[in-house]
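In what follows, a single structure is set out as structure tokens and then discussed.
All of the numbers you see were taken from the coordinates with simple rules; none came from a lab. Only a predicted model underlies this, so the values are computations on that prediction, with no experimental measurement involved. All Cβ positions, even for glycine, are placed from backbone atoms using ideal geometry, and neighbour counts span all protein chains on display.
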Amino acid sequence: IADSDQSALIEQWRRQGHDIQDPEHDWQTDWQEVLAGRILPLLEDLILLEGSSRVLGPPSTEDSFVAPALRSCRLNRYIPFVAPALRDFSLSDPRMKWTDYLDILEACPLLSLLMITAGLWSSLGEQDAISRDRPIMAEEALEVSLADLIKNASSRTVTMAHLQSIILVKVGFEAYLLVKHLVLPHRLNVGVSTYDKVALFRGFATLLEAQ
């Protein structure tokens, strides 16, 4: 769904008896508010790309929309949903933590393709390395630091028996935590794209792929 299609969608919901105010016709539409609590039994594919100028707080987990037939979902801002039949999921949201993704994946047991872009920033300060274009620690210390993150994390795991591909694009070190806490099939395609101009991230990509 693009914002240009919002009027038709809202008009359809009004015909179904929903009381919805027509938002402004611009990239500021709050689709989380529009979709909150809705039941969309026929929705199978969703592409929802919102404007980047919106000021966002922490990701919300309340008032999920329910889409029992949804198979493919692409978002650039997380909106809570219930979609047990979801197969393909792509999210680009820098607010997301590894535990947020565990919650999402646990509710999507049939997922076969996962693509994560941005986010998953850890407490090791890798965002500083990007902004300064220089390492924040000796590269050989990275594995030890990641091991410490894992040691202090919860022991919770999520089994993804149907996952065939996982693609991680310009993510932070919490991606390592996420992968460590997934029970994955023996045969799995993994794609990793990090900030390769920063030496620290080249080492991180190698460690992440090894998982």
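Data overview
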{"read-out": "Span from the the range 164-178 Cα centroid across to the the range 54-116 one, whole angstrom", "value": "15 Å"}
{"read-out": "With eigenvalues of the C-alpha gyration tensor scaled by 5 and rooted, the range 86-131, Å", "value": "24, 11, 7"}
{"read-out": "Amide H partners (placed H, <5 Å) of Thr159, local residues excluded", "value": "Val183"}
{"read-out": "For the range 87-99, Karplus couplings with θ = phi - 60° (6.51, -1.76, 1.60), whole Hz, Gly/Pro x", "value": "10, 10, 9, 10, 9, 10, 8, x, 7, 6, 9, 5, 5"}
{"read-out": "Long-range amide H partners of Val82 with built H, under 5 Å", "value": "Phe65, Val66, Ala67"}
{"read-out": "Label point distance in nm, Arg38-Ile150, each placed 7 Å from Cα along Cα→Cβ", "value": "4.2 nm"}
{"read-out": "In Hz, Karplus ³J(HN,Hα) per residue of the range 148-160 (6.51, -1.76, 1.60; θ = phi - 60°; x = Gly, Pro)", "value": "5, 4, 5, 4, 8, 8, 5, 8, 4, 10, 10, 8, 10"}
